[in-house]
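Take a look at the structure set out below.
Where a number appears in this text, it was derived from the coordinates with a stated rule and is not lab data. Since we're looking at a predicted model, the values are computed, not measured. With ideal geometry, Cβ positions are generated from the backbone for all residues, glycine too; neighbour counts draw on all protein chains shown.
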Amino acid sequence: MEPQRVGWAHDWIPPNIGWESDKAAYRCYWGQFDIFGKKFYGENNPRLIYPEIEKAGYHTETDWGMDILHVGTSPGLGGVTLYVNDKAYPVRSPEGKGGPVFESRLASLDKDRVTIEHVARGVGQAGRPYKVRFHCSCFAGRRESSIEILLDGGEPTDKLELGIGLTKLPQEALLIDTDAGVMGSWGFQSPSVGTIGLGIIYPAERFLRFLDLVDEHQAVITIRSGVPIVYHIQCDWLRGRRFPVAPSAGDWLNDLRRTAAYVRLHRSGNGAA
């Protein structure tokens, strides 16, 4: 029998929901997206962390890795802001205070793919708000996670844009390639974690602009109500590599470009990957 290569967990600390492949682990809560750094020691040593996450302490380094991103009130890695008629509505409620209301569940699971659903209600103007549905997936053998967003509600005449966010690091190199549809950073947030890489891969044909905000970078793209779009998130942790060999910001950008090329190659006819 083939081993399980993806996993998930829910409410080990409410309202967390997490999803993972054998290569990377992600979680979200209140619309904020967070990551765990896994120690990667070769193809024959995969590790799923969510089956035992309730027993694991992860704010300090363990045998499998640790929590490598401090999100604060930011979107984390891939949280979004919905722009309705040029007004910004962050799709998050840090610490569960104010803003949209969220619910999460497992959407599907087999040995090679897991998808969780994270839904925000009450985004936008009070009289005609939007529901924002995230379907977040990990695939066996892959480090990136796909995130499909679907909007429902609002007004037919609304002008809609989506800002995909990236937490600012105190020390970082910001990496942008609009042709590939990539925005990333390579930098340092805390001594206990060390160097990390954050990356977003978005549909390049939908790109509008970049924004530099107080605690986040944003890639703003077009979106329509009722039409799903897909973007991807990806992370790296220098200490999680067995043989780091001093990779640079340029190496991380090339990693993200390779993922963008893979996504384009595997994109289906309706624009979703």
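Laid out as a table, the results:
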read-out: Helix-only mean residue ellipticity at 222 nm for the chain, each DSSP H run of n ≥ 4 adding -39500 (n - 2.57), per residue, nearest 500; value: -2000 deg cm²/dmol
read-out: Shape call, segment 94-182: gyration tensor on alpha carbons, a/c limit 1.5; value: oblate
read-out: Relative contact order of the chain, pairs being alpha-carbon contacts under 8 Å that are 6 or more residues apart, as %; value: 17 percent
read-out: Shape category assigned to segment 1-83 from the gyration tensor of Cα positions, a/c cut at 1.5; value: prolate
read-out: Degrees, to the nearest 10: 249-266 long Cα axis against longest axis of the chain; value: 60 degrees
read-out: Value of D in µm² per second that Stokes-Einstein yields for segment 6-266, Kirkwood Rh from Cα pairs, at 20 °C (1.002 mPa s); value: 117 µm²/s
read-out: Cβ crowding within 10 Å averaged over residues, with 205-213, 76-84 ranked highest first; value: 76-84, 205-213
read-out: Share antiparallel - DSSP beta bridges, the chain, percent rounded to 5; value: 100 percent
read-out: Per-peptide average of other Cβ atoms within 10 Å, ordering 186-195, 228-237, 88-97 highest first; value: 228-237, 88-97, 186-195
read-out: Positive dipole terminus of the chain, leading residue within 247, 208, 69 (C-beta point charges); value: 208
read-out: Likely footprinting exposure, 66, 183, fewest C-beta neighbours within 10 Å first; value: 66, 183
read-out: Candidate lysines for bridging to residue 111, where Cα separation is under 26 Å - those fewer than 8 sequence places away on the same chain excluded; value: 23, 38, 39, 55
